[in-house]
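A.B. asks: Structure in structure tokens, see below.
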Amino acid sequence: MNFKTISRTVGIALLVSALFMFFSILVSVAGGNDSALAALLISFTITAIVGAFPLIFVRRNNSITMKEGYVIIVLSWLLSFIFGMLPYLLWGGPFTVINAWFESVSGYTTTGATILENVEALPDSLLFWRSSTHFIGGLGIVVFLLLIIPDSSPIRLRLTNMELSSLSKDGYNARANKTIWIFTYVYLGLAVVAFLSYWAAGMSAFDAINHAFSVCSSGGFSTRGLSIGAFDSRLIEGLSMLFMILSSVHFGMVFMVFATRSLKPLNNPVLKFYLGAIALTTLVTGFAFKFQGVFDDWGGALWNAAFHTISMASTTGFAIADNCHWPMTANIMVLAISLMCGCAGSTCGAIKADRILVLFKAISRQISSILHPSAMNGIRIGKRMMKEEQITPQILYIALYVLILVVSVVLSVMLGVDSENAIAASLSSLGNQGPALGLLGTMGNFNSITEGAKILFTIDMFIGRIEIYPVVAVLAMLFSDWRK
């Protein structure tokens, strides 16, 4: 294991966080040197020095092994969490060590869960840093790193192939190096358009950029305790729904729509399945809202149902109503669609609609083979016929995801979380949605749960964001080394 090469590459990832800490310092200075200035200056200095140190003193080495690649991916995220908690910890207030860790992990993994009971009490610069962690994590810490490493570097190609899942690669008609740039162009384009749209719709420039960072990353942090509901604007809510959907579909497809000036790329079975699931969940939830008296009119019932369904399905976690007062049917439906978690090639983590569609088609194929044993039954996704070696990893991923979910529920109950919230919070954390139920719901926070449960849920967030296998690979390496 070449730890010098690992430290040098991870150092670049830390410099990305240092850059956004510097931007947060500028926000503080522009606002009259608010109370977070000292915390941000110290955090920036420490992070910049630690990130730059291996770049100065470690000689460049362009070759890495598969094992080193996985270690780089996992360490880049973990060290970003650690250094990202410094501004919270040094500022103080509600941020104990565990709370600062929770807020940092939730930000970078674009989960959007928070321990804050009064978001508006934070200074603007710290709110901007909080949203910046979403922006960094949405594009991906390793993707930021890849944008800096030269195209010709073997490290770049290997990390690109390891960072992008096989599902997301299938949607890009480009080489691995080009794929990273396509993802980045769409991501930055969405952020700019979202910012301008929110600003034009009536948000202040500060609120607009923070919410643009959140929505394009499928994050959910807001500058207001009432989230999007604080603005009381159907236009802002409608724009949020639009950008939540765009951020949760395959970026390669979005790119092709603009590159070809055609809607043909939207004729995609995964997209149809994803939008169909959102539409069905919206209708069922809307009916539950209307017939159980949550909303008096159909317009309000369906609008709220659509907003929260899209928010959970896209893993964003924005809210316009408190789900504490929802009927159980509505909560179950919204939690159920949160298992899907957007499409491959987007800013979402967790299972993905692509894998769920493969699962359904695999079940259909199995039933068909029972009824017609002699028939040759394959799985077709659009024009592509999937081979058995492509299907099995997706089914195994879902099985592993469900296993981790069950273990998380059991452990969270043992750590003092009631059974209802244990299920909802585990689903929310592993799926990177943010809100759960009750006190942990859309207008609540995670401050009241035990410290052990907070740590457990941050582990879920991390595993869900980087899609399990890198963590499993590094743990397997550590176990193997320990046995030796």
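Since every read-out is calculated from the coordinates, none of them should be taken as a lab result. A quick note: this is a predicted structure, and the numbers were derived from the prediction, not measured. Ideal geometry is used to build each Cβ from the backbone, glycine not excepted, and the neighbour counts take in all protein chains shown.
A.B. asks: Quick one: of K67/K264; K290/K361; K178/K272; K387/K454; K67/K352; K290/K454, which pairs are farther than 32 Å apart, Cα to Cα?
C.D. replies: K67/K264; K290/K361; K387/K454; K290/K454
A.B. asks: Counting other Cβ atoms within 10 Å, keep those with at most 12, restrict to DSSP loop, and tell me which trypsin sites (Lys or Arg not before Pro) in region 46-102 are left.
C.D. replies: Answer in residue order: R59, R60.
A.B. asks: Tell me which aspartates and glutamates have Cα within less than 17 Å of K4's Cα, excluding those fewer than 8 residues away on the same chain?
C.D. replies: K4 reaches E68.
A.B. asks: Run the dipole for the chain about the Cα centre, Lys and Arg Cβ at +1, Asp and Glu Cβ at -1, nothing else charged, and hand back the magnitude in debye, nearest 20.
C.D. replies: 2080
A.B. asks: Right, something else. Between Rg and the Kirkwood Rh of the chain, both from Cα atoms, what is the Rg to Rh ratio?
C.D. replies: Using Cα coordinates only, the ratio equals 0.96.
A.B. asks: If you don't mind, another one. Using just the helices of the chain, give the 222 nm mean residue ellipticity in deg cm²/dmol: DSSP H runs with n ≥ 4 each add -39,500 (n - 2.57), and the total is spread over all residues, rounded to 500.
C.D. replies: Result for the chain, helices only: -22000 deg cm²/dmol.
A.B. asks: For D418 and V58, compute 0.36 nm times the residue count separating them, minus their Cα-Cα distance, and round to one decimal in nm.
C.D. replies: 124.6 nm
A.B. asks: Take the Cα gyration tensor of region 363-484, multiply each eigenvalue by 5, square-root it, and list the three semi-axes largest first, rounded to whole angstrom.
C.D. replies: That gives 35, 21, 13 Å for the three semi-axes.
A.B. asks: I'd like to compare 399-406, 382-389, 216-223: which one has the highest average count of other Cβ atoms within 10 Å, and what's the full order after that?
C.D. replies: 216-223, 399-406, 382-389
A.B. asks: Right, something else. Of the options L15, I25, A425, report the single residue whose Cα projects farthest towards the positive end of the charge dipole of the chain (beta-carbon charges: Lys, Arg +1; Asp, Glu -1).
C.D. replies: Comparing the listed Cα positions along the dipole, L15 ranks first.
A.B. asks: Dipole size in debye (nearest 20) for region 210-291 around its Cα centre, Lys and Arg Cβ +1, Asp and Glu Cβ -1?
C.D. replies: Computed charge dipole of region 210-291: roughly 200 debye.
A.B. asks: Under a crude label model (7 Å from the Cα following the beta-carbon direction), how far is T329 from L396 in nanometres?
C.D. replies: 4.1
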